[in-house]
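What follows is a set of notes on a single structure, which appears directly below.
Each reported figure results from applying straightforward, stated rules to the coordinates on display, with no laboratory input. The shown structure was predicted, so the numbers you read here are calculated from the model rather than taken from an experiment. Note: ideal-geometry Cβ built from the backbone for every residue, glycine included; neighbour counts use all protein chains shown.
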């Protein structure tokens, strides 16, 4: 910590102590006192310091940040320590990508410094653009443009007579998670893969490019992890167990199924243009067309050949998770857990440090409350994760190490990650939907002066009217009716994953966004203090709003007699998911039937000069036995409504012993959503309501055992998981019935 | 006619004479004989000759084409003459467009010659890129990018605080008709207008650019007319009457409301990029973003200033319509009328000569049938129009001159225009929907070997399955059920307009398309024989298919005892339009109500750094008295079904006098769709079922008096025209009842 930061801490603390001594500590005054401890200036100072050097896993500055964080927590009165893990984390020794035909053009390499970005020249300790957990190799082959590189794109290519066998695939970022692109390329026989940022979504299509504006410049590259997250996150060589220093029994690199086998590199659109402009072969279908000023072709012939080579250092690297606790006065073994990671790809200003400094603000304000005499009822655990970027390493290894304790103690996990100017967004376990709305009603939006809830509602309504909303008429109707705004389901891409999907803990993920331009420098060297304070959250006003929002969640859950949940919201949401699954099956069945009738139409309609063949024949979607799922949902709905009604009537007046039994009954209820068998082909994922989609990645798939089985035509799995999902929901309902009996005393 | 053409004629004729002497002339053998007279080689030769020099109105080669066409008709045995009109047709004396700030860049001028296009250097007699009927002027002002320049775009600009008053608007082609763009710019106070071709829809976004491929090159410009077609087409100074040579009573140029008052020029995207890349001001909303590799801004500040000047020769120019007849043996005063124009913007290969040479093939084949002894029952009238491009001049002046005779004699008008490789498309009066399907079932598709109807059906089905069809599930369902494919409604943009919308004559418009790339050179100097035979219809095989299709329509109508119509198809279609109108009113009412409730959402949701204000308040859409329309449609449906059923039962066995009464009763029935008052604010358009949209132009608006009034919030007009439209439909139904009584003898 530097001097200026220490000064800020001392000043704020004094102010708070004066404020809190004036009145008794009610929840409202507690939150007001908490707010008084939140400072955008603090966050600016910490952000400037933490972004001053590259802070990826294994970097010197990553350790510096962990040590400084530890010192801050301690100074603020927390019981804190650093927990180290040793993880497989490959770093590039050399990266090579060049066009070798029709002419030789060397591409790739580090992104250039620009004068308007003061840290962009400070890349001595930075890694060059690469993707973690790709497979090293050295290949030269023809290039094929595979659009987003998702299954539908390979179908489109097959219908045009193009495949990637023995070739190098070039995919654009977007539509699905980064890691799916080389994984699917590999499965289709590609021997190498390039992933580039197309300017349509991520460049001038998004606005003026950096440094004039905040959008991605032609030479900006998106780094990232391509470990097969959808199979399991964490250290690829230690699935299911913690990578504690000195551990034995690691998988070999070859046996670790989440490590890619083919060399893969990311690329700027400045470089990609040179390759794509020279590609011949069939014309790209409309869905393949991006924002480059060229006629996109898919290649697959010898028009363009590329040399791609990556060589990595595959040694173990240390992770430094900072763990900090404020012990609960009444329920020390009930934990409210909250985390944000501190490692970035380079300087990591928006991702993750904007969220990290907001978390530190909360920690400082909580420490001040404690110093002023307050103690939480439940234990509060703050975690500054390391190694999120390479594959949620810090959180996953921590969760795998402490699984039993977390399942026995944790009430909720609250996550944040990068933050920026814009609109309040919450995702997570739907029994917390109302709380996520309630806290937002009490936090002032820095720009509009209304509440962040009111602004989020206004945005939903304005977008729905203008016809460019997220197309969610149900959400717009809820917004207009004044009801709670729906919160999203969580897939993956941040540290909540193992809590929610491996341990079955209730989870919330909070962010502001939609008005900043951090997407334009995502995972590049330009995700810097300069960019962040010019384009993403000037003055870190939304950093402070984030602290106030998450602080309220933490305080209200930590101090509640019984955690403030509404199971009816969960039941209604799951019922909506089941409706979607029914519709999916019905739509698929109708479409399959249509295809089976269209025997000659595709050939007759195809342009002989630009041939597109018929789709592959499919096994028609049968009627699927979804009754067990429907029965589980019916039980859940009835039980949830009964519990909520009972708690509304009796909840305020429970005898202490009764409440203790109730809390014990409900604390681990979400763990009933786990099935020990896990999801088909990915047993690490055990939650049958929420999962990252196998073919979306970050995007969630709800009721995944059933939904994905229908999508992927695993009809036996669909029937099996309709049963399994129905069972976990019925078990959940039975637990609610037990809770209702406790509340009503019957 | 050159020697090679004469030789082809003689050879084909001999072949046909031999063929037709072998069997009696049934409809099937007649059509087979007709087909034998159709020759792609003929069409190639004529196309090459006609495209050898610029052929716009007033050019020397335009007159040469008319004279050659006259000679061919005469040689083929037709009674033919040239009918001349003298029309106002401005041609540019000078065109100037240049950026004057932030730097001076001279733009515009003639498109460059390219070696791969053999006529592209032959521009001595060509006009430079311009738009006809713009208003001359010389202006220098800041530039504003107005997207497509349609009403929604001006609303989007207003919400961003930008207007065009005193400025020059730059609009991109697309979404609405060309002429709307400068008209609306002028109405919003702009003092000049530029219209450019954005590469997203019309450039590399569409494929490889010319000459590598067929798409529009960076230096290609779309000429066109910007006369206010939606008020009335034809000579702006002679609305409603024919511009016969020596006529008196013309409006002055100033009094002609369809002539624009502000200077306007078209532009290539190569030029437009230079202007748009330098524009500042608010970021363009997503709907404004095109395919240029820039961050689009809307300007409106002083970032870019443009000098725009046009000076024209406003003298009268001669038009040469070629009129040719084959007199009917039985019903000489019942005319089957068919036309295609022969004037282009420069060389006009695709537009219009590809359609024109197909028509000439039909004329030659019909002439051969006559020489072999056949005579049509009804008179066949072929028209090779001049002056379509500047504003449907040749057809409109002809129709206005001969209105009474056409209304007294014409049974149908069949139009074609440019043609290219692809899929059969028909539009027109829906009682001819079944005939348009029936002839297509009997014409072989040049590529697939099946019928053109089967291929059109296959395309509709394949596109619907692939999810990139025209989104018309009703059409796809009809296609899959094996029923007739729906034909489209006609708006404007070709010579059918005055027949359908001014005279109330049944009309069909026929084309092939969707696989050629004539759009890439539309109205540019590269719409050439070279482009056409490389990219649009190599070998003119679809030219021959067009001749065979239209020839069947002509023969079947000309020789039918009673023209082969199905009024049920018309009634069903109009009933569908009425449903759409109801839905439009309901959707508008709901949306207006939503807006009235959203008092603060837009302001709260707006990004303070990129402000977007609320929409203008609107007068809410009330419940509109649509009952008279619904009653008219109910009557029409019942009467149409009754007539079709009666004709199916009795039609084959009518006594000659009865049939004569029936035919006289039905021949002018579509004229009952006219209202003498015409449409609100545009009395020239009298058809209350079909019109070009005031804000779509080429695109049709059906039940326009009601539909557009709802769209434009003229609610009194909506109620009035629901009554008027109900009345014309009820009159139509009553006429059908009279026909049914004739058929059934009751």
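Overview of values
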item	result
Exposure proxy order (Cβ contacts within 10 Å, fewest to most) of B:583, A:311	B:583, A:311
Gain upon complete extension [residue A:251, residue A:201; 0.36 nm per residue less C-alpha separation]	14.2 nm
Length-normalised contact order of chain B in % [C-alpha pairs under 8 Å, at least 6 apart]	16 percent
Whether the stretch B:91-313 is rounded, prolate or oblate, judged on the alpha carbon gyration tensor where a/c under 1.5 counts as rounded	oblate
FRET efficiency, residue B:75 to residue B:438 (Cβ-Cβ, R0 35 Å, nearest 0.05)	0.65
For chain A, share of DSSP beta bridges that run antiparallel, in % to the nearest 5	60 percent
Three-way shape call for the stretch A:331-446 based on the alpha-carbon gyration tensor, with the a/c threshold at 1.5	rounded
For the stretch A:316-459, share of DSSP beta bridges that run antiparallel, in % to the nearest 5	30 percent
Percent RCO, i.e. relative contact order, over the stretch B:91-313, from Cα pairs under 8 Å lying at least 6 residues apart	33 percent
Residue A:652/residue A:474 FRET efficiency (R0 35 Å; Cβ-Cβ; nearest 0.05)	0.65
Pair residue B:165, residue B:466: separation of 7 Å Cα→Cβ label points (nm)	4.9 nm
Helix-only CD estimate at 222 nm, as mean residue ellipticity for chain B, using -39500 (n - 2.57) per DSSP H run (n ≥ 4)	-12000 deg cm²/dmol
Length-normalised contact order of the stretch B:161-214 in % [C-alpha pairs under 8 Å, at least 6 apart]	36 percent
Ranked by how many other beta carbons lie within 10 Å on average, peptides B:243-249, A:177-183, B:111-117 from highest	A:177-183, B:111-117, B:243-249
Order of A:76, A:684 - criterion: other Cβ atoms within 10 Å of each residue's Cβ, fewest first	A:684, A:76
Centre separation in Å (Cα based) which lies between the stretch B:599-661 and the stretch A:664-690	54 Å
Full-extension gain in nm, residue A:110 to residue A:645, via 0.36 nm per residue minus C-alpha separation	186.6 nm
Length released on extending from residue A:712 to residue A:67, taking residue separation times 0.36 nm less the Cα-Cα span	227.5 nm
Ratio of Rg to Rh over chain A (Cα coordinates, Kirkwood Rh, two decimals)	0.97
Inter-site label distance for residue B:100 and residue A:261 at 7 Å from Cα along Cβ, in nm	6.8 nm
Considering only the protein assembly as shown, percent of DSSP beta bridges that pair antiparallel, nearest 5	60 percent
Förster radius 35 Å - calculated FRET efficiency between residue B:618 and residue B:302, Cβ distance, rounded to 0.05	0.60
For A:455, A:425, order by how many other beta-carbon atoms lie within 10 Å, fewest first	A:425, A:455
Estimated distance in nm for a label pair at residue B:660 and residue B:638, the labels positioned 7 Å out from Cα along Cα-to-Cβ	3.4 nm
